[in-house]
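To start, the structure itself, in structure tokens.
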Amino acid sequence: MNIWVVMLLGGALTFGMRISFIYLFGRFEIPGMVKRALRFVPPAVLSAIIAPALFMPNNTLDLSLSNHRLIAGAAAILIAWWTKNTLLTILAGMAALLILQLIF
Amino acid sequence: MNLTMKSFWAGVRAESPLLVGVFPFGLIYGALALAAGLSPAAAQMMSSIVFAGSSQFVAAQLVHDSAPGLVIVLTIGVVNLRHVLYSASVAPYIEHLPAPWKTILAYLLTDEAYAATIIHYEEDGFTPTSHWFFLGAGLVLWTTWQVSSALGIFLGAAIPSSWPLDFALPLTFIAMVMPVLKDKPVIAAALSAGTVALLMFSLPYRLGLILAALAGIFIGTYLENRKSPKEAL
């Protein structure tokens, strides 16, 4: 699928969700179950993206020390946990990866 | 100054502190979207067509991984599901407005515009001009997002392509996930989604991603319901 079609469909879907209850006001209630499930969406989706990016940089599981992305990612997780700072986490992770690539 | 403009500028002012966080986020988005392989035009247009930060990062990552279009669209939908809640929450306040107003405000209904607007509705009460507050908050955020994306795309083009800048995307996601891992159900959701993503990685069309996300959401919800069964219904 062309990237522009993807963006238009993704944008239409997002707009549809944003206008959904504004348009349907009073005719629907959101079930409590769905409301509670929503807070798990970001950590679940993002973790599902993070794990392969760290553990499978070349599309196969790599738990060795030569997997620089796994080590740099672990460092970033610690920094994120300590500082809760987005920019610092990105900078620390990138610095770790560049240093590992320079040394090894 | 008349009442509508007063409301509008109050919305702009209420939104301003949030812009401090949004601006660098837009810069990073612009730079990373290029690194992920989007054209500058596509990267910029995504900021106005989709106009939802975290889903734009996720879409860029999936373009980088050559995921099929339908999977990218579905993932954008899942990541943005929470907007249904915002829609339900602001609906009673703008119910009386004509359709064009509802359409514009719905388009501007982001996390940050919602946060500023709902606080205004709840604390200052509903006034005949409060939709102007919503419009002010939404428009200043929209402008900031477009400008910061553009600047990020401009700066990103100057970064040598030999740099492993694509790694900054998963790093951004790490920075987004870690602060929300506050209780056992959320931690279990994140760990199970990550594990399923690894186990199912070889499935076609990157379906592993969708299955992993669903598994995480299911396990998190299940654990939470078990913790407080009375609220489960």
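Counting helices only, and only those DSSP H runs with n ≥ 4, report the 222 nm mean residue ellipticity of chain B as the sum of -39,500 (n - 2.57) divided by its residues, in deg cm²/dmol to the nearest 500.
-25000 deg cm²/dmol
Along the Cα→Cβ direction, 7 angstrom out, place labels at A:I71 and A:L8. What is the inter-label distance in nm?
4.8 nm
If you keep only loop residues by DSSP, which chymotrypsin sites (Phe, Trp or Tyr not before Pro) in region B:87-177 have at most 15 other Cβ atoms within 10 Å of their Cβ?
Counting only loop positions with at most 15 other Cβ atoms within 10 Å, the chymotrypsin sites (Phe, Trp or Tyr not before Pro) in region B:87-177 are B:F126.
Whole-Å semi-axes of region B:181-231's equivalent ellipsoid, largest first, each the root of 5 times a Cα gyration tensor eigenvalue?
24, 10, 6
What's the whole-number percent of alpha carbon pairs in chain B lying beyond 21 angstrom?
So the portion of pairs separated by more than 21 Å is 63 percent.
Taking the Cα atoms of chain A alone, what are Rg (to one decimal) and Dmax (as a whole number) in Å?
Answer for chain A, Rg first and Dmax second: 19.7, 62 Å.
Sort largest first and round to whole Å: the equivalent ellipsoid semi-axes of region B:21-157, each the square root of five times a Cα gyration tensor eigenvalue.
Those come to 30, 16, 11 Å.
From the phi of every residue in region B:136-153, what ³J(HN,Hα) in whole Hz does the Karplus formula 6.51 cos²θ - 1.76 cosθ + 1.60 yield, where θ is phi - 60° and glycine or proline is x?
Karplus-based 3J(HN,Hα) across region B:136-153 equals x, 4, x, 5, 5, 5, 4, 4, 4, 5, 5, 5, 5, 4, 4, 5, x, 5 Hz.
Rounded to the nearest 0.05, what FRET efficiency do B:I119 and A:M33 have when you use their Cβ-Cβ distance and R0 = 25 Å?
0.40
What FRET efficiency would be calculated for the residue pair B:S161, A:Y23, taking the C-beta separation as r and a Förster radius of 45 Å, to the nearest 0.05?
It comes to 0.50.
Once R0 is set to 30 Å, what does the formula 1/(1 + (r/R0)^6) return for the Cβ-Cβ distance between B:A99 and B:A41, expressed as a FRET efficiency to the nearest 0.05?
Calculated value: 0.45.
Across the residues of B:35-48, average count of Cβ atoms on other protein chains within 10 Å?
Mean partner shielding for this stretch: 2.
In Å³ and rounded to a whole number, note down the convex hull volume per residue for the Cα atoms of the protein assembly as shown.
That works out to 143 Å³ per residue.
Pairs of Cα atoms under 8 Å, at least six residues apart: use those to get the relative contact order of chain A, whole percent.
For chain A, the relative contact order is 15 percent.
As an exercise, identify the trypsin sites (Lys or Arg not before Pro) in region A:25-104 lying in DSSP coil whose Cβ has no more than 13 other Cβ atoms within 10 Å.
Within region A:25-104, the qualifying trypsin sites (Lys or Arg not before Pro) (loop, at most 13 other Cβ atoms within 10 Å) are A:R27, A:K84.
Would you mind checking A:K35/B:K227; A:K84/B:K227; A:K35/A:K84 for any pair whose Cα atoms are more than 19 angstrom apart?
The pairs that break the limit, which is 19 Å between Cα atoms, are A:K84/B:K227; A:K35/A:K84.
So which trypsin sites (Lys or Arg not before Pro) in region B:136-233 end up in coil per DSSP with only 12 or fewer other C-beta atoms within 10 Å?
B:K182
FYI, it's all coordinate maths here, none of it is from the lab. Fair warning: this is a prediction, and the values are worked out from it, not measured in the lab. Using ideal geometry, Cβ is built from the backbone for each residue, glycine included, and neighbour counts are taken over all protein chains shown.
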